[in-house]
1. Cut-off 10 angstrom, C-alpha nodes, Gaussian network model of the chain. Which of 132, 328, 44 fluctuates the most?
2. Using Cα centres only, tell me the gap between region 250-287 and region 1-41 in whole Å.
3. Please give the helix 123-132 orientation as an angle from the longest Cα principal axis of the chain, in degrees from 0 to 90, rounded to the nearest 10.
4. So what's the convex hull volume per residue for the Cα atoms of region 107-180, in Å³?
5. Kindly flag which residue pairs out of 14/130; 14/339; 152/339; 22/321; 152/374 have an alpha-carbon separation exceeding 18 Å in this structure.
6. What angle do you read, to the nearest 10 degrees and between 0 and 90, between the alpha-carbon axis of helix 184-197 and the longest principal axis of the chain?
7. What is the diffusion coefficient of the chain in µm²/s, taking the Kirkwood radius over Cα pairs and the Stokes-Einstein relation at 4 °C with a viscosity of 1.567 mPa s?
8. Name the residues whose placed amide hydrogens come within less than 5 Å of the amide hydrogen of residue 139, ignoring near sequence neighbours (fewer than 5 apart) on the same chain.
Amino acid sequence: MSHVDLAFTEAEFKARLVAVRKAMDEAGLDVAILDEIESMTWVSGFGISETLWRACIVPRNEEPFLMVRSLDIVPARERSWLPDIVGFKDWDDPVEILVGELKRRQLDQARIGIEFQSQSMSIARFEQLKSSLPGARFNDLGGHLRALRTIKSEAEVAYLRRAAEVCDAAVLNAVKAVRVGGTQRDVIKAAGITYLEMGADTGPVGPITSGVGWGALHGNEHTHPIEPGAIVHIELTPRVRGYSARIMRSVTVGAPTPRQLEVMQALIEIQDAQLKAIVPGAKARDIDALVREPVMRRGLRPSFDNITGYTLGCFPGTTQKVSDLSHSFTPLADWTIAKGMTLHMYVSAEGLAVSETIVVRETGIERLTRSERKLFSVPA
């Protein structure tokens with residue numbers, strides 16, 4: 001018998017199921033097909049790559065079930081609280097397996113909710129479902145599920161807090177690995193070893209780049225040696241049971257220039273004011289403006305085309321989305337901040353950046369990342 005290793009209590013999973021069914025009631029749906037790995041994992045406890053299609057199916061009035069490759073039944077039983085797991089052979093068509101299950105459970109004439117923005121729900125797969133279930137009606141449920149997942153339980157925050165502790169330790173070790181003549185890979189290695197030693201999940205370390213301008217922040221990994229005068233951008237994204245905290249810090253190779261010190265101090269002061277204003281009920285666009293407007297007014301950037309933050313949560317290792325921008329801070333963001341949201345807030349200018357992972361509390365925020373907010377430097 002396999003060992004059961006649930007990430008959360010059954011009570012928490014059942015509360016999530018209740019919330020999903022409430023959303024289904026509001027949308028007038030009889031059954032939901034959850035194949036986006038984030039929602040599948042959030043509801044069932046188990047998610048895996050889409051080597052072959054897989055999904056969690058939630059009927060409104062019957063017990064939910066998982067559909068996975070037969071090869072994945074054992075690991076699914078270890079991580080999922082759902083007793084009903086349907087397996088299929090690798091040469092079966094999983095869409096037809098699901099259609100057969102829906103017919104057997106008398107759900108083939110149902111009003112079915114799917115996630116229109118799920119990368120797993122391809123046009124071909126959707127057309128096959130519609131053709132195989134001519135009596136069913138399909139509607140989008142994805143927006144409801146993303147809204148539910150933005151509010152974190154204390155158990156979810158606990159995983160994010162552990163990931164933030166990894167951020168804090170790894171960023172210091174990464175800074176120590178920056179040296180003239182070294183490479184970005186040296187810095188990545190230092191952070192990655194810290195992840196493993198502290199019990200974080202395996203997977204990508206995060207963007208670690210070197211350069212002197214804005215474009216370096218999302219640049220490529222280079223093999224050429226780090227040179228004097230470079231800025232090393234360290235952005236770490238460790239995950240603990242899939243829950244990812246984030247942190248950004250900058251390192252100058254050689255003593256920072258007066259201008260670099262001035263810019264970093266300005267960025268920190270501007271972001272501190274933004275973080276202080278984040279409370280339940282605040283509008284995302286207003287919080288965004290607290291960074292965007294002073295950065296532009298003070299001439300720190302010639303343009304500001306990126307967001308200033310976004311919601312954090314579970315990013316399973318096989319997701320295509322390394323960040324969830326469905327709730328992000330932009331001039332057009334009309335959503336409202338709520339207690340229990342976890343956020344990655346960041347600001348950057350002239351190749352320098354600083355960011356924090358935070359959770360929204362009743363009267364303000366709790367910083368989960370606790371590393372010193374400053375411009376780091378190493379000898380040239």
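1. 132
2. Cα centroid to Cα centroid, the span is 38 Å.
3. 10
4. 150
5. Long pairs (Cα-Cα over 18 Å): 14/130; 14/339; 22/321; 152/374.
6. Rounded to the nearest ten degrees, it is 50.
7. Translational D for this selection: 58 µm²/s.
8. Amide H to amide H, under 5 Å and 5 or more residues apart or across chains, residue 139 pairs with 112, 113, 114.
Rule-based calculations on the coordinates, nothing more; no lab input. Quick caveat: nothing in here was measured; it's all calculated off a predicted structure. Every residue, glycine among them, receives a Cβ derived from its backbone with ideal geometry; neighbour counts consider all protein chains shown.
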